[in-house]
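Bear in mind that the values in this text are calculations on the coordinates, not laboratory data. Since the model is a prediction, treat every value here as computed from it, not as a measurement. So basically every Cβ, Gly included, is an ideal-geometry build from the backbone, and we count neighbours across all protein chains shown.
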Amino acid sequence: MSLLKVSALSISGLTLWLTPPFVFSRKIPLHNFMQGVALVSGFACCFEARRCALKVVKTEEFEAIQEAAITADMVDEIATSAYVSEQQRRQEAELILINPDLDMEASRQSLEAIYTSDLQDGASTSDNPSYLLYLEVCKSREVGKSNTWIVENVLKMGGRKFADGKAKLESILKQFEEK
């Protein structure tokens, strides 16, 4: 909208500046006054257009600086996380090299377990949707809720479905407590 305002003011100022000498006569006093008013109005339109244009430029500069700052923050965050992970790997490798009496295969397996634990947690929830129910059941049991309460409120199987809910609870507990 500001660019439209700048354009309209610039065109109006130019028109008010160029039109009076061709429209008004110098011999009529009222025309001289109107020509002066038109010239002053033309100047005012041009100055207002300049002021609006400077405002638009400042806004664009601010947005460019803000975008550059966000980009720099993202790059810095990525570089920091890469540096931290590299340092962790370096420390783990130094630990393995410092302790030659440790079994290398056992060290490798322990490191592999550490790095893949997050992936396995994600896979268990995405592969098996009843894992979330199991977590809710565990939370309810920790609070001290009974199996009846769990079947009715967590599994949402009350009334005629209560027997099915109890069987489902047992199967969920059996499935995940074995692991």
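With θ taken as phi - 60° and the Karplus curve 6.51 cos²θ - 1.76 cosθ + 1.60 applied, the whole-hertz 3J(HN,Hα) list for region 31-40 is 5, 4, 4, 5, 5, x, 4, 5, 5, 5 Hz, x standing for glycine and proline. Annotation for region 45-95 versus region 133-179: alpha-carbon center distance of 50 Å. The alpha-carbon of LYS174 sits under 23 angstrom from the alpha-carbons of these lysines, leaving out residues fewer than 8 places away in its chain: LYS139, LYS145, LYS156, LYS161, LYS166. Considering only PHE43, VAL84, LEU18, and ranking their Cα positions along the charge dipole of region 1-101 that arises from unit charges at the beta-carbon of Lys, Arg, Asp and Glu, the one farthest toward the positive end is LEU18.
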